[in-house]
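Structure record follows, encoded as structure tokens.
Every number here is computed from the coordinates shown, using simple stated rules; none is lab data. Here the structure is a predicted model, which means the values were calculated and not measured. Here the Cβ is made from the backbone with ideal geometry for all residues, glycine too, and neighbour counts use every protein chain on show.
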Amino acid sequence: MPHIIPIKDLKNTSEISEMCHKTDEPIYITKNGYGDMVIMSMEIFENTMSRLSMYQDIETSENQIASGKVKDARAALQETRAKYGI
């Protein structure tokens, strides 16, 4: 269940920080009853950005396949391993 808090509660930064690190979900901040911001721990942010990058790479690959731009599987696997440090 997502945490939703009003913007006035941002004054208590240590409590907000603790909340961010206890949950694997972002905390939604509202202003005048409407969504305004999202706060999350650095770990969750980095994981989310990494996942987003992977999905973008998959989309690029699917577009390349659809347009016939393909390459040898071994060469592609080597590039992927180098890019992600695997």
Cross-link partners of Lys71 among lysines (Cα-Cα below 30 Å; sequence separation of 8 or more within a chain) = Lys83
Nearest 10 degrees, 0 to 90: helix 13-22 Cα axis against the chain principal axis | 40
Using Cα atoms only, what is the angle between the long axis of helix 73-84 and the major principal axis of the chain, expressed in degrees (0 to 90) to the nearest 10?
-> 30
What nm distance separates the two modelled labels at Val38 and Asp72, each placed 7 Å from Cα along Cα→Cβ?
-> 4.1
Just one of (1) 5.2; (2) 8.4; (3) 7.2 is mean projected area of the Cα convex hull in nm² calculated from these coordinates, so which is it?
-> (2)
With +1 on each Lys and Arg Cβ and -1 on each Asp and Glu Cβ, and nothing else charged, work out how big the dipole of the range 25-86 is about its Cα centre, in Debye to the nearest 20.
-> 240
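Sort the following peptides by mean Cβ neighbour count (other Cβ atoms within 10 Å, averaged over residues), highest first: 29-41, 50-62.
Details: 29-41: 12.5, 50-62: 10.9.
Per-residue mean Cβ counts within 10 Å order the peptides as 29-41, 50-62.
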Counting other beta carbons within 10 Å of each Cβ, put Thr13, Thr23, Thr48 in order, fewest first.
-> Thr13, Thr48, Thr23
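Taking the Cβ of Pro6 as the center, what net charge do the other residues with Cβ under 12 Å away carry, scoring Lys and Arg +1 and Asp and Glu -1? It would help to have the intermediate numbers written out before the result.
Numbers: positive: Lys8, Lys11, Lys31; negative: Asp9, Asp36.
Local charge sum for Pro6: +1.
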Let me have the relative contact order for the chain, percent, based on Cα pairs under 8 Å that are six or more residues apart.
-> 20
Would you mind checking the tilt of helix 42-66 against the longest principal axis of the Cα atoms of the chain, expressed as 0 to 90 degrees and rounded to 10?
-> 30
